[in-house]
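For reference, the structure is listed below as structure tokens.
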Amino acid sequence: MDTHVEIDFDGMASSRPILAAILQEIDHLQQAIGLLATCRIVVRTSETGGHYGLTLQLALPQGMAVTIHTPASPDARYADPQFAVSDSFRHALARLRTPSEP
């Protein structure tokens, strides 16, 4: 089964470097936890531009799903789209590895 991946750029032009970073992070995530059923990602910039935020909606074939929302923070690290992408996926991996609470 192939993963259905949807990537949207909200309020900004699409970017090949950001797209490549996202696809690489999806690959790393699947190596760590297994195949994803669906993966929807929205990349956005802050209202003033220059800082990136992402929303990740991930679903596993077993039915588990997580949503990670990383806002376009004024933190200087989020001016680097590579950092924003990797940080969002780091949070997703942590959430997927943590058993849900009853």
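The numbers here are math on the coordinates, done by the rules we state, and not lab data. The structure displayed is predicted, hence computed values, not measured ones. So basically every Cβ, Gly included, is an ideal-geometry build from the backbone, and we count neighbours across all protein chains shown.
Per-structure values
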| quantity | calculated |
| --- | --- |
| Inter-probe distance in nm under a simple model that places probes 7 Å from Cα toward Cβ, at Leu60 and Ala13 | 4.0 |
| q = 0.12, 0.15, 0.17, 0.20 Å⁻¹, the chain: log10 I(q)/I(0) [Debye, one scatterer per Cα] | -0.37, -0.57, -0.73, -0.97 |
| Rounded tilt (10° steps) of 16-33 against the dominant C-alpha axis of the chain | 20 |
| Phi-based couplings in Hz for region 63-73 (Karplus 6.51, -1.76, 1.60; Gly and Pro marked x) | x, 5, 9, 9, 10, 10, 10, 10, x, 6, 7 |
| Only Lys, Arg (+1) and Asp, Glu (-1) charged, at Cβ; the chain dipole about Cα centre in debye | 140 |
| Inter-label distance for Thr3 and Ile33, nm, one decimal - labels placed 7 Å from Cα along Cα-to-Cβ | 1.0 |
| Highest to lowest packing among 28-35, 80-87, scored as the average C-beta count within 10 Å | 80-87, 28-35 |
| Relative contact order computed over the chain (Cα-Cα under 8 Å; 6+ residues apart), in percent | 25 |
| Antiparallel bridges, percent of DSSP beta bridges restricted to the chain (to nearest 5) | 65 |
| Rounded tilt (10° steps) of 81-97 against the dominant C-alpha axis of the chain | 20 |
